[in-house]
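J.: Got a structure for you, written out below as C-alpha cells; questions coming shortly.
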Amino acid sequence: MKRVRFGIRATASTGSAPPPQGLLAFYWHFIRQTKGWYAAMFVASLGVALFDTAIPLIFGKLVALMDTGDRLAAVAAQWPMLLGMAALVLIARPIAIMTDIVIRQNVLVPGATSLIRWQSHWHVVRQSLTFFQNDFAGRIANRVMQTGGALRESAMSSIRAVWYISVYGVTAFALMTSDDWRLGVPIFVWVVGYVLGLRYFVPRLRELSRANSEGRSLVMGRVVDSYTNILTVKLFSRLAEEDAYVREGIDGHQVAMAAHTRMITFFLVWLTVLNAGLIVGTAAIGLTLWANGVVGAAIVATALPLAWQTANAAGWVSWEVTSIFENVGVVQEGMQSIAVPHAGVDRPDARPLDVTHGEIRFDRLTFGYGRKDAVPVVDNLDLTIRAGERVGIVGRSGAGKSTLVNLLLRFHDPEGGRILIDGQDIAGVTQETLRGAIGMVTQDTSLLHRSIASNIRYGRPWGTDEEVVAAAHKAQAHEFILGLRDWIGRAGYDAHVGERGVKLSGGQRQRIALARVILKDAPILVLDEATSALDSEVELAIQEQLKSLMDGKTVIAIAHRLSTIARMDRLVVLEHGHIVEQGTHAELLRHGGHYEKLWRHQSGGFIANDLDREALADLAQRATA
C-alpha cells in the first residue's frame, strides 16, 4: 500500500522495521526517510541566518558612507555596493525565506507528519491482542496521532531555531571582533551563559515535558473510555463517579503542566537577563571605544544592531526551544506505545497455511497466561477434531473454552505442546493465513463504524453485492437491513451502524456478524455463543441456516445454552483445563457426569434425580432428532 503526499511517500515497507527504543534512534528512524528535505531546510535556514547577519553590516556601511564630505561623489563611487545591498535585501533574502517556508509548510508539515503517523499506526495495529487489552484505546490513538506532529515539529525547530541562532551568533561574533576584539566580549559571555543555561534546563524540561504529555494522554484515555461506555455510565447512574475519575486525571495533568510551565518561566527569565546584558554590554564597550577614538561610528552602528538582533533572535529561539522540549516529551511518551517490539510474531520462515481437509489436533497443550505459580488454564490437553467434524465445547465459566479458541487463533502462543491443522504446526504458519482459514462469530459482537455492506464484506472484501445480500438472507438479516436509515439519511445496506454497532440491537449485530462469516466461507468455523443474543424464533431460523453453513467444515462451537449445541457430532466437557467427558449428547446424558448435571440445571431442575437415565437419553434423542 502506498500513498503520496506533498512529495513524501509513506509506505508500509519503510515502516516494517520496528521503531527503535532509543530517543535519538527513534528520531533518526523517521527523519532518515525524508533527510533530503530536512537537508534542504538546513541549507535554506543557513542562508536566512547569513543574510540576516548581513543587514547590520549594511547599516554600518551606510553610516560610513553618509559620514563622508562629498556625498554625491561618495554615492556615485559606491553605487555597485549599494546595488548589491539592494539585491540582497530585495531578492536573495526573500528567496531564502520563501524556500524555507515552502519546504516547511508544503512538504514537511503535511508529508512528514502523515508518514510518521501512518508507519506508527502500521506498527501498532500489528501488536498482539494483549497489548490493546492492557491500555486505553484512546491513549494509544492519542500517542499515534500526536507523535507524528511532535517529532516533525521538534526536528524542524532544531534546524530553524537552534541552527539559526548558532550561525547568527558565530557570524556576529566574527564581525564584532574583526575591528576590535573587545566588541566580541559581550556576545562571548552571552554564548557561554546560553550554553550553561541549556545544560541546566534541557534535561529538566525534557522530563517535565514527558510527564506533562503522559498526563494529557491519561486524561484522553479516561475521557474516551467514558464516552465509549456511555451506556453503562448512564444505566448505573454513575456520572458523579465518572466526573471524579476524569477530574482526577485532569488534576494530575494540571500539576504536571504547572511544573513544566514553571521551569519554562525560569528559562525565559534567564534568557531575558542574558539578552539585556548583551545589549547594554555591547553599547557600553562600543561607545567607550568610539569615545577614545579606537573605532569609528560605523563600527558601533554595526555592532549595536548585531547585538539587538541577536537578543531578538534569542528571544524567538527561546520560545522555539521550549516548544522543542515539549515536543520531545510528547515523542518520549508516544514511544511507550509505538517503540514496542511485537509479541507473538511470525517466524522468519513462516509459511502460508494450506488447509486441505480441516483436521485440528491439540497436542499436550498447556497455557496459563504466563503465571508461573498458578494452575494452568489449559493443562496438558489432548484433543483431535476430525476433518468435517462438528464439536461442541462445554464447561463452566473459567474452564478454558475461550482460551482454547484464542490459542487456535494464535492470539496467544502455547506455553507447552502444540496445535496442528492438517498436520501443520500453527506456530510455523503466518497468522494472516491462519486466521483467514477460520471463520468466527463471537458472543460480544463488535461492528466497524461503517456501512452494513462494508461490515458484511469484511469477511471477503472482493465479494460482490449479490453475494453480500445472499449472506444477509442466510443470516436472517436482509429484512431488517432494508428498513434501516442512519442519522444522515443513508438507508439499507448503505446505512452506517455507529461506533461498535451501537445503532443496532444485540440480535441485529449478531446477525450481521453471522452474515460476515457466511460470506467469508472459511474451511474452519468457530461459533462462540453465536446465537446468544437472538430471540427464539430468529435463533430457530438461523439454526437451520447454520446446518448448511457447517456442511463440509470443521466446526468448534462454544455455548452455555446447551440446547444450541446438542446436535453436534461430539461434545467435549472441560473442567479446570482438562477434558473430563466427551461423547454425543445422548451418550453424555446416559453417563450421568458433568454434562448431565449441567443439562439438568438448564432444564429448570424439573427432572427428578431418580429419573431413569435411559429414558432421559431417549427423551434427548427425540428432542434433537
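The values are calculated or read from the model by the stated rules, or taken from the named source; none is laboratory data. No experiment lies behind these values; they were computed from the predicted model shown. All Cβ positions, even for glycine, are placed from backbone atoms using ideal geometry, and neighbour counts span all protein chains on display.
J.: For segment 365-376, enumerate the residues that are outside any loop (DSSP other than H, G, I, E, B) and of a type in the set (V, I, T).
T.: T366
J.: Output the residue which, of all residues in segment 289-299 that are in contact with a Leu (Cβ under 9 Å, 6 or more places away or on another chain) and at pLDDT 70 or above, is farthest from I187 (Cα to Cα).
T.: V295
J.: Here's a follow-up. Specify which of the listed residues (A307, A276, A256) is assigned by TED's automatic domain parsing to the domain that holds T177, surrounded by 18 or more Cβ atoms within 10 Å (Cβ to Cβ) and closer than 23 Å to I165 by Cβ.
T.: A307
J.: Taking segment 161-200, which residues are surrounded by 20 or more Cβ atoms within 10 Å (Cβ to Cβ) and within 31 Å of the chain's Cα centre (by Cα)?
T.: A161
J.: Can we say D379 is at pLDDT below 90, part of a strand (DSSP E or B) and either of a type outside the set (A, V, I, L, M) or surrounded by 18 or more Cβ atoms within 10 Å (Cβ to Cβ) (or both)?
T.: So D379 fits the description; yes.
J.: For segment 382-430, enumerate the residues that are within 23 Å of Q133 (Cα to Cα), charged (D, E, K, R) and assigned to a loop (DSSP other than H, G, I, E, B).
T.: R410, D413, E415
J.: Here is a check on your reading of the model: is A437 among the aliphatic types (A, V, I, L, M), touching a Gly at 6+ places or on another chain (Cβ under 7 Å) and within 27 Å of V573 (Cβ to Cβ)?
T.: No.
J.: Looking at this structure, is R351 of a type in the set (K, R) and over 36 Å from the mean Cα position of the chain (by Cα)?
T.: no
J.: Another question, then. Of the numbered conditions (1) under 21 Å from M263 (Cα atoms); (2) of a type in the set (V, I, T); (3) surrounded by fewer than 21 Cβ atoms within 10 Å (Cβ to Cβ), T356 satisfies every one except a single condition; which is it?
T.: (1)
J.: Also, quick follow-up: Testing R490 on (1) in contact with a helix residue (DSSP H, G or I) (Cβ under 8 Å, 6 or more places away or on another chain); (2) surrounded by fewer than 18 Cβ atoms within 10 Å (Cβ to Cβ), one condition comes back false. Which one is that?
T.: Checking R490 against (1) in contact with a helix residue (DSSP H, G or I) (Cβ under 8 Å, 6 or more places away or on another chain); (2) surrounded by fewer than 18 Cβ atoms within 10 Å (Cβ to Cβ), the one that fails is (1).
J.: Hey, another quick one. Kindly indicate the residue of segment 384-413 that is in contact with a Leu (Cβ under 8 Å, 6 or more places away or on another chain) and of a type in the set (A, V, I, L, M) and also nearest to H594 (Cα to Cα) among those meeting that condition.
T.: Only one residue fits best here, namely V394.
J.: Do we have V48 as part of a helix (DSSP H, G or I), at pLDDT 75 or above and under 25 Å from V328 (Cα atoms) here?
T.: no
J.: Moving on to the next point. For G423, are the conditions met, namely being farther than 21 Å from A343 by Cβ, touching an Asp or Glu at 6+ places or on another chain (Cβ under 9 Å) and surrounded by 17 or more Cβ atoms within 10 Å (Cβ to Cβ)?
T.: So G423 fails the test.
J.: Another one. Are there any helices (runs of 4 or more DSSP H) wholly within segment 495-608 with 3 or more residues that are modelled with pLDDT of 85 or more, and if so which?
T.: Fully inside segment 495-608 and qualifying: 506-520, 585-591.
J.: Do you know which residues across segment 133-161 are part of a helix (DSSP H, G or I), out of contact with any helix residue (DSSP H, G or I) (no Cβ under 7 Å at 6 or more places or on another chain) and of a type outside the set (G, A, S)?
T.: Scanning segment 133-161 gives a single hit, Q133.
J.: Scan T433, T445 and give me the residue that is assigned to a loop (DSSP other than H, G, I, E, B), under 30 Å from P376 (Cα atoms) and β-branched (V, I, T).
T.: Only one candidate qualifies: T445.
J.: Oh, and also: Look through segment 438-458, keep the residues that are touching a strand residue (DSSP E or B) at 6+ places or on another chain (Cβ under 8 Å) and surrounded by fewer than 21 Cβ atoms within 10 Å (Cβ to Cβ), and return whichever of them is nearest to R351 (Cα to Cα).
T.: Ranking the candidates gives M440 first.
J.: Here is a list of conditions, (1) assigned to a helix (DSSP H, G or I); (2) free of Cβ contacts under 8 Å to residues at least 12 places away in the same chain, and S323 meets all of them except one; can you say which number that is?
T.: S323 satisfies all of (1) assigned to a helix (DSSP H, G or I); (2) free of Cβ contacts under 8 Å to residues at least 12 places away in the same chain except (2).
J.: Name the pairs whose Cβ atoms lie under 7 Å apart, with the first residue in segment 132-155 and at pLDDT below 85, the second acidic (D, E), and 6 or more positions between them or separate chains?
T.: Hits for this filter: F136/D225; G138/D225.
J.: All but one of (1) in contact (Cβ under 8 Å) with a residue 40 or more places away in the chain; (2) in a helix (DSSP H, G or I) hold for D179; which doesn't?
T.: Against the list (1) in contact (Cβ under 8 Å) with a residue 40 or more places away in the chain; (2) in a helix (DSSP H, G or I), D179 comes up short only on (2).
J.: Which one of G277, G252, G334, G286 is at pLDDT 80 or above and within 23 Å of I55 (Cβ to Cβ)?
T.: Criteria check complete, one pass: G277.
So that you can scan it fast, the table gives a plain yes or no per residue for (1) surrounded by 18 or more Cβ atoms within 10 Å (Cβ to Cβ); (2) assigned to a helix (DSSP H, G or I); (3) at pLDDT 85 or above:
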position: A73; (1), (2), (3): no, yes, no
position: M81; (1), (2), (3): no, yes, no
position: I91; (1), (2), (3): no, yes, no
position: L108; (1), (2), (3): yes, yes, no
position: Q119; (1), (2), (3): yes, yes, yes
